[in-house]
Amino acid sequence: MKTLIIYASKNGASAEACEMLRERLCAFSEVDVCDVHSSPPSPDGYDALVVGGSIRMNKLDKALKKYISANAETLSSMPSAAFICCGLTDDFDDYVTTEIPRSAKFSLGIHCFGGQLKPDRAKGLDKPIIFMMRQSILSQDPDKSDGERRELPELFPDTIYALAEKIKSLRTI
């Protein structure tokens, strides 16, 4: 079995999620992982395809959206999945609606892989923005009991591993 993972990552969350997925898939599949900005291969010849990336400023990477649109027919005709990494996981459904090209149908679903706010990985203006977002979350009143207290975003290993299991189950079909 051969699996292709195409991703876009600015500050490392999507790349880290892809590595977690790759590690799980390697036990039963040949896996190629490619940054969409590095001339990704055609999905032809693969048994499964996973595409995804991080949301930045409420947007999915343009090159990733272009790859999804350009390969929509192939994605729709083979076992495929998409993922989004986002710090504001409450907005995941909105991101799916507005950022994932509708022309592609993902038989293995669209998944929220969580997100991260790590200013040490960021560059340029991203660094102070991520730092301020992180500080805003950390400075919340710890005694707030009205259910509105936010935690720092993190990746969701269980969701990543569940997708790997879905792909693994394709071997028996």
Problem - Folded to 0 to 90 degrees: helix 13-25 orientation relative to the chain principal axis, Cα - result: 40
Practice task
Work the Kirkwood hydrodynamic radius out for the chain: mean of 1/r over every pair of different alpha-carbon atoms, inverted, in Å.
Solution key: 16.7
Problem - the range 12-85, relative contact order in percent, only Cα pairs under 8 angstrom and at least six apart counted - result: 37
Problem - Rounded, prolate or oblate (a/c below 1.5 giving rounded, otherwise prolate when a/b exceeds b/c) for the range 30-117 by Cα gyration tensor - result: prolate
Problem - Tilt relative to the chain, helix 157-169 - C-alpha long axis, 0 to 90 degrees, to 10 - result: 10
Exercise for the section: Could you tell me which of rounded, prolate or oblate describes the range 1-59, using a ≥ b ≥ c as the square roots of the eigenvalues of the alpha-carbon gyration tensor, with rounded for a/c under 1.5 and, failing that, prolate when a/b is larger than b/c and oblate otherwise? Expected result: oblate
Problem - Extension gain, residue 158 back to residue 58 (0.36 nm per residue minus Cα-Cα distance, nm) - result: 33.6 nm
Practice task
Kindly provide the GluC sites (Glu not before Pro) of the range 1-99 that DSSP labels as loop, not H, G, I, E or B, and whose Cβ sees at most 13 other Cβ atoms within 10 Å.
Solution key: none
Problem - Gained length - residue 96 relative to residue 165, 0.36 nm times residue gap less alpha-carbon distance - result: 22.6 nm
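Coordinate-derived values only; no laboratory data. Keep in mind the model is a prediction, meaning the values are calculated, not measured. FYI the Cβ positions are ideal-geometry reconstructions off the backbone, even for glycines, and counts take in every protein chain you see.
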